[in-house]
Amino acid sequence: MAAKGLSAAAARLLGAALGRTGAAAPGEAGVHFINGAYVAPKHGRSLPVIAPATGQAFGVIAAGEKDDVDAAAKAARAAVTGAAQRARWATADGAHRGRVLWALAALVRTHLEPLAEIETWDAGKPIAESRMDMVGTAEILEYYAGLASKLHGQTLQAPGDQLAVVLREPVGVVGLITPWNFPLYVAAWKFAPALCAGNAVVLKPSELTSLTALVAARLAVDAGVPPGIFNVVCGRGAEAGQALAEHPDVDVLGFTGGPVTAKKVLAARAPLVRPTQMELGGKSPNIVFEDADIDLAVAGTAFGIYFNQGALSSALASSSGTACGLTCSPLAQSIPVRQQARTATRVAASWCTSRCTPSLWKSLPRPHAASAFCRRSTSSRRWAR
């Protein structure tokens, strides 16, 4: 399949990451990234890559299963505990890991435009939002690059005139399961601190948006991350995600997603009695007081709802289901309801063009339906006095 929607720069970046030349289709080989190289799935299964804006497939990714996850977890374990040179990532001076993370951030900035373009075609984001996500990813890496040399322990006075020394050490292998709404950005929230602390990572991105994770893994090796430290296994949650959650070589698991899947993840982790971190998000009501600027309050609330087309785990949404998530306090009942409705309608209407009709909405593939006809990036707006 030809990558008709991608620029030559974006196609070259992804094609090179997948061991190809020229304008090859993203993910056409259907691969994972394990032990510093792209590898085919052990059982040869693949999943289509769908462009939400068109509903058309423009490539494939690997459909990982238990054997693929096992290979990645074992590679990660060997990378942090083996006798090879690469095992020195865990024991390396923090400043060294910081320099490598800074180099990775620089590569993300260098390839920002093609990375953003790949994210847009894969996730359906407006290009301005994808650019913002790439900038944010670089900033996260830069933050943890600076922190890497500042992880230290403590020396405490203990009973009996003794001193107790507390050292911070890597936990080992960190498994990560990430969502589709901020594919690389949310993944960076997790893999950047894990790498900063000297751990190895096995990342299972959403099967809906895996492409930038595959590219980032290749860039990490180019920046100096040793083979086996940053692994990516693509696939569905019920197969690859489940296998990662229950794998005995995964010392800590980080998950971002919904509560239904979270319960399954916790059930898989329970027999291991291993640390598991959950980021499930939630919808947040707004409380508007009597002295508030109603126009500003409604505008900010609308931004909070419609940013990223509403695919936001911290979106502003009223618990009572009122328009634009606006909830008035008992002290603010005098705020004119018509003014609220008028302002909310005006702000909400600014996000989409007239092409966002109900029939078009229903015909678009979920969960990315709204993004295909979004007129501009909501992130470019600044709701301030």
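What is the mean projected area of the alpha carbon convex hull for the range 122-226, to one decimal in square nanometres? Please report the intermediate quantities before stating the final value.
Working: hull surface 32.5 nm².
Mean shadow area of the hull around the Cα atoms is 8.1 nm².
Under the definition of Cα pairs under 8 Å and six or more residues apart, what whole-number percent is the relative contact order of the range 96-181?
Numbers: 73 pairs, mean separation 25.4, N = 86.
30 percent.
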Open item on the list: Need the C-alpha centroid separation for the range 234-264 versus the range 149-187, integer Å.
Closed with: 21 Å
TODO: Could you list, in their original order, any pairs among Lys190/Lys264; Lys42/Lys263; Lys42/Lys190; Lys190/Lys263; Lys66/Lys263; Lys74/Lys150 whose Cα atoms are separated by more than 23 Å?
DONE: Lys42/Lys263; Lys42/Lys190; Lys74/Lys150
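Need one number: the % of Cα-Cα pairs in the range 33-105 sitting beyond the 16 Å mark. Mind dumping the intermediate values first?
On the way: 1728 of 2628 pairs.
Every Cα pair in the range 33-105 considered, those over 16 Å come to 66 percent.
Within a 10 angstrom radius of the beta carbon, how do Glu142, Glu169, Glu113 rank from fewest other beta carbons to most? Could you put the intermediate results ahead of the total?
Numbers: Glu142 19, Glu169 12, Glu113 16.
Neighbour counts put them in this order, fewest first: Glu169, Glu113, Glu142.
Here, each number is a calculation from the coordinates, and none is a lab measurement. Since the structure is predicted, the reported quantities are computational estimates derived from the model, not experimental observations. Neighbour counts run over all protein chains shown; Cβ positions are idealised from the backbone, glycine included.
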